[in-house]
1. Restricting to the stretch 128-165, and then to whatever is in contact with a Phe, Trp or Tyr (Cβ under 7 Å, 6 or more places away or on another chain) and not in a helix (DSSP H, G or I), can you tell me which residue is surrounded by the most Cβ atoms within 10 Å (Cβ to Cβ)?
2. Does the stretch 98-117 hold any residues that are within 25 Å of PRO30 (Cα to Cα), in a strand (DSSP E or B) and not acidic (Asp, Glu), and which are they?
3. State the number of residues belonging to the stretch 9-36 that are surrounded by fewer than 14 Cβ atoms within 10 Å (Cβ to Cβ), outside any loop (DSSP other than H, G, I, E, B) and not hydrophobic (A, V, I, L, M, F, W, C).
4. Would you be able to tell me the number of residues in the stretch 118-127 that are closer than 17 Å to VAL79 by Cβ and either charged (D, E, K, R) or in a helix (DSSP H, G or I) (or both)?
5. Quick check on ALA95: is it of a type in the set (Gly, Ala, Ser), touching a Phe, Trp or Tyr at 6+ places or on another chain (Cβ under 7 Å) and part of a helix (DSSP H, G or I)?
6. For the stretch 3-45, name all the residues that are among the charged types (D, E, K, R) and either touching a Ser or Thr at 6+ places or on another chain (Cβ under 8 Å) or within 17 Å of ALA85 (Cβ to Cβ) (or both).
7. When the residues of the stretch 61-92 are narrowed to those that are of a type in the set (A, V, I, L, M) and either in a strand (DSSP E or B) or under 10 Å from the mean Cα position of the chain (by Cα) (or both), which ends up nearest to MET6 (Cα to Cα)?
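Nothing in this text is a laboratory measurement; each read-out follows from the coordinates by a stated rule. Fair warning: this is a prediction, and the values are worked out from it, not measured in the lab. Here Cβ is always computed from backbone atoms with ideal geometry, including for glycine, and neighbour counts include all displayed protein chains.
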Amino acid sequence: MQKAGMVFTFGDNVDTDVIIPARYLNTSEPEELAKHCMEDIDKTFVENVHAGDLIVAGDNFGCGSSREHAPISIRACGVKCVIAASFARIFYRNAINIGLPILECPEAAAEIQAGDQVTVDFETGVITDETTGKTYQAAPFPAFVTGIIQNGGLLNSLKARGAAK
């Protein structure tokens, strides 16, 4: 499973209130949440992001409130992967549970620049910055996590597993 796209970069400690401001939490509709993703940190993000793009960020991405609206808004606006130096634990689990692939790789987070074209191979954990030609190694997903992501989230994965029995 591979994803490729253009990179948007953010710094350290990007919290869930910045990813999706609390004033929009009166809905859980992904399409509506996507309209406001990252607007308090980058007002032009939703205008410029395209399906398949990636986010690269620093330490502690997704800190703050434990709302699953944050990874839902990221996925719904078309982002196919988030690479960060580190993730807040609850955000990490929420992202996997809704089927948003995320990888921890401090070296990639420090070096990949906004606008770079990046390819991610989730089976090997290899991140390739196509713009610079440099590769980075993140931990690949275990098979069960790959299954969750490929099925579009934990609930869909459990349904597929139940249907297979």
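1. By that ranking, first place goes to PHE141.
2. ILE102, LEU103
3. 3
4. Our first condition is that a residue be closer than 17 Å to VAL79 by Cβ; within the stretch 118-127, this holds for 118-120, 122, 127.
After this cut, where a residue has to be either charged (D, E, K, R) or in a helix (DSSP H, G or I) (or both) as well, the list is none.
Here the count works out to 0.
5. Criteria not met by ALA95.
6. Restricting attention to the stretch 3-45, the residues satisfying the condition of being among the charged types (D, E, K, R) are 3, 12, 15, 17, 23, 29, 31-32, 35, 39-40, 42-43.
The answer is LYS3, ASP12, ASP15, ASP17.
7. Filtering first and then ranking leaves VAL79.
Per-residue answers, yes or no, for (1) out of contact with any Lys or Arg (no Cβ under 6 Å at 6 or more places or on another chain); (2) surrounded by 15 or more Cβ atoms within 10 Å (Cβ to Cβ); (3) charged (D, E, K, R); (4) touching a residue at least 12 places away in the same chain (Cβ under 8 Å):
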site	(1), (2), (3), (4)
ILE74	yes, yes, no, yes
VAL79	yes, yes, no, yes
VAL82	yes, yes, no, yes
PHE91	yes, yes, no, yes
ILE102	yes, yes, no, yes
ALA110	yes, no, no, yes
ALA114	yes, no, no, yes
VAL120	no, yes, no, yes
GLU123	yes, no, yes, yes
